[in-house]
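Structure record follows, encoded as structure tokens.
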Amino acid sequence: MKDFTLTLADLGNTEIGNIETLFAQANGFLGVRASAPILTDELKKKSTPGSFVNGFYEESELVYPENAYGLARKRETMVKLFDLRSMEIESEGVSFNQLVNQEIRLDMEGGILYERYIYSTSVGQQVQIDIESFASHRVRTAYCQKIVIKPLNFSGKLTLKRQPALIAPKAFDGQDTRTREASADLLVKDNQYTTRGSKLSLYARFDHIDETFELMEGQSKTFTQIDQLAQKNEFAENLDYNQLRDEQSRIFKAFWSVSDIEIKMENEDELLQKGIRFNLFHLFNAAGRDGETSIGAKGLTGEGYEGHYFWDTEMYMLPFFIYTQPEIAQSLLEYRLNKLALAKERAEELSFKGALFPWRGISGHETSPYYPAGTAQVHINGDIAYAFQLYDQVTADAAFAERFQTLIYETADFWLSYGFFSKRGFEIHEVTGPDEYTALVNNNFYTNKMAQNNLYFAVALSKRFGKKQQSAQLWQEAADKMYFGYDKERLITQQDDTFLEKQVWNFADTPKENYPLLLHYHPMKIYKHQVLKQADTVLAHMLFEGDKAQTARDFDYYEPLTTHDSSLSRAIYGIVASRLGYQQQAYDFFADSAVMDLSDMQGNAAQGIHAANMGGSWLGIVQGFAHLRIENDEVRTENLLPQQIKQLKFKINFRGKLKEIVIFNH
């Protein structure tokens, strides 16, 4: 089916870095960028081949010219490991190193990447290379390739060499603070590769090719290769390529049977349908399944954000898994459970009670060196609690709730310790909300709403399990008295205590090339203005629906002030626009979200996919156009389809039962 197939023609930017990201193959443990098998001299300047293992990171000291107590001490960077795709082909000592043509086709329905390349020598000989590849979802340590070599205009001897190579370490020379060079100087002993700082080890078993053979013009020779990376020096034995390929197709068939979204457009345009399937495909490939790993901001497709886990997982990606594949959702939540002890240590280090989860990182330690836009985003606690609550509502998994209740109590205790009672109520000061263009403020509306929800959920669990009843009285009081600022003259919800008092950013005189603002203006310049990086107050309204007229006033005020410099922004504004009846805006925001990486809207897809936005595009359909929510322990929907979409169909798993939802635009 065409709308399950991605080709180069579907990409808005076909630079080599984008191709490597968008056609990357992954399985939650292992990810491989789709670099060309033979890199010409020109491509070598722009290509970033490599593979990644979820949770395998190098550690280094964070050095501060001016130190302060409690700052993050270690940097963690997911390691860019091996080039598993490069090869060399020669004919009588002459290399095929000139790219004549390439065709790439990603079969998202079956989880297989198909490629065809034609290379030539300096004397005009041409060879065709067909590659079929996938990161196995059956044996997650395995990356599998079938390589077919065929001379097109000559007969003779060919030599093929393929040997996976560790990416050589090199210094980071970029200016974009959102990415960092991920190659590392590993200690190598036999097939063991160990990081020098974090002391983590991986073991490798590679297939190699070093063979000379003779082919007639048009005749072909096939090679199959199965490379394995594992955390122990133990590997799956007797693997058969064709069997793994068939199992890959079966696994993806099962995935789509519960996760697919079908969109029928009025104009028969297939791009949005393809875009949403592309997003779900990569989400499925990105998710850790072992309870020790989560989903990096770029999945396993690139080195952006150093492979770190953020709040993105809980707020943007987990809803998709909770409603469609609860077993994967539970594994992702297990990651947070397994890091609770470290979160308690972090809260104690900062002189607070309870637990404080890190803003970013891999190991469970805080790794954000810029605390105003890092550790100060304490809403991460409320975000994590919200995800556990949603899982509880959708699955009614009583056994898991009994296990995770302690995490909810500890995060509730943190809010009591971090906030305080005043004449205005319960206040939370010196925080940064989702809008990272406004930092260290008092009573951020989103943060206070998430804290309130966290506290109420702790109270509910306390009643359910008969635990922490004395603490629950304080949680209840703090939640009941939570302070929310409001501008009575403008009838606007205050993003925080001072946001509405600031000067509005001069958008008219800001050149287009100066976005994102964070790469062109000092934080002091940004922080002193009314300007948002992404949805903040409006995100709170999306999560906790209230008075529609109030939501409309807030949307109308804050959206024009939002740059959408964050990929997390458009989907949220689109959902709220749907609920407000702003059909055109809702559709436009969704369309942007659905094809963000395919069009390279943010201009940095070469660094990796925008996984949170991919989850956001699912939210845009399910919680926006279908307005799915849970009321009185039942699933409710509402037809909010924009005029451009004539039919929507998707499935959810609610309390163990698969439900199909179909909405028609009348």
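The values are calculated or read from the model by the stated rules, or taken from the named source; none is laboratory data. Quick caveat, the model's predicted, so the values are computed rather than measured. Cβ atoms come from the backbone with ideal geometry, glycine included; neighbour counts cover every protein chain shown. Heavy atoms of the whole protein, side chains included, go into the accessibility calculation; ligands, DNA and RNA do not. Shrake-Rupley method; radii C 1.70, N 1.55, O 1.52, S 1.80 Å.
Specify the residue that is surrounded by the fewest Cβ atoms within 10 Å (Cβ to Cβ); the eligible residues are those in the range 113-142 that are closer than 22 Å to Phe4 by Cβ and among the hydroxyl-bearing types (Ser, Thr, Tyr).
Within the range 113-142, the match that is surrounded by the fewest Cβ atoms within 10 Å (Cβ to Cβ) is Tyr114.
Restricting the search to the range 625-636, which residues are open to solvent by less than 60 Å² (accessible area, probe 1.4 Å) and under 17 Å from Thr324 (Cα atoms)?
Of everything in the range 625-636, those that are open to solvent by less than 60 Å² (accessible area, probe 1.4 Å) and under 17 Å from Thr324 (Cα atoms) turn out to be Ala626, His627, Leu628, Arg629, Ile630, Val635.
Kindly evaluate Leu152 against the criterion of being buried (at least 22 other Cβ atoms within 10 Å of the Cβ), of a type outside the set (S, T, N, Q) and in contact with a strand residue (DSSP E or B) (Cβ under 8 Å, 6 or more places away or on another chain).
No: the conditions fail for Leu152.
Please go through the range 459-492 and give me each residue that is touching a Lys or Arg at 6+ places or on another chain (Cβ under 7 Å) and either more than 22 Å from Ser417 (Cβ to Cβ) or surrounded by fewer than 16 Cβ atoms within 10 Å (Cβ to Cβ) (or both), ordered by number.
Matches in the range 459-492: Leu491, Ile492.
Which of the residues that make up the range 20-38 are assigned to a loop (DSSP other than H, G, I, E, B) and touching a Lys or Arg at 6+ places or on another chain (Cβ under 9 Å)?
Phe23, Ala24, Asn27, Gly28, Phe29, Arg33, Ala34, Ser35, Ala36, Pro37
In this structure, is Leu99 out of contact with any strand residue (DSSP E or B) (no Cβ under 8 Å at 6 or more places or on another chain) and open to solvent by 10 Å² or more (accessible area, probe 1.4 Å)?
So Leu99 does not fit the description; no.
If we keep just the residues of the range 518-560 that are touching a His at 6+ places or on another chain (Cβ under 9 Å) and open to solvent by 10 Å² or more (accessible area, probe 1.4 Å), which is nearest to Phe625 (Cα to Cα)?
This residue is Thr551.
Between a residue in the range 542-556 that is touching a residue at least 40 places away in the same chain (Cβ under 8 Å) and any residue that is assigned to a helix (DSSP H, G or I), which pairs come within a Cβ distance under 6 Å, given they are 6 or more apart or on different chains?
Qualifying pairs under 6 Å: Met542/Ile572; Met542/Ile575; Met542/Val576; Phe544/Lys449; Asp554/Thr537.
Just to be sure, is Ala343 part of a helix (DSSP H, G or I), open to solvent by less than 10 Å² (accessible area, probe 1.4 Å) and closer than 25 Å to Val53 by Cβ?
Yes, satisfied.
Here's a check for you: in the range 563-580, which residue that is within 20 Å of Gln530 (Cβ to Cβ), of a type in the set (S, T, N, Q) and touching a residue at least 60 places away in the same chain (Cβ under 8 Å) is surrounded by the most Cβ atoms within 10 Å (Cβ to Cβ)?
That would be Ser566.
May I ask you to verify whether Leu332 is under 17 Å from the mean Cα position of the chain (by Cα) and not basic (Lys, Arg)?
Yes: the conditions hold for Leu332.
Looking at (1) open to solvent by 40 Å² or more (accessible area, probe 1.4 Å); (2) without any contact (Cβ under 8 Å) to a residue 60 or more places away in the chain; (3) among the aliphatic types (A, V, I, L, M), which one does Leu416 not meet, given that it meets all the others?
Every condition holds for Leu416 apart from (2).
Anything in the range 298-310 that is open to solvent by less than 10 Å² (accessible area, probe 1.4 Å) and not in a helix (DSSP H, G or I)? List them, or say none.
Lys298, Gly299, Leu300, Thr301, Gly302, Gly304, His308, Tyr309
Could you tell me whether Gln476 is of a type outside the set (A, V, I, L, M, F, W, C), touching a residue at least 12 places away in the same chain (Cβ under 8 Å) and part of a helix (DSSP H, G or I)?
Yes.
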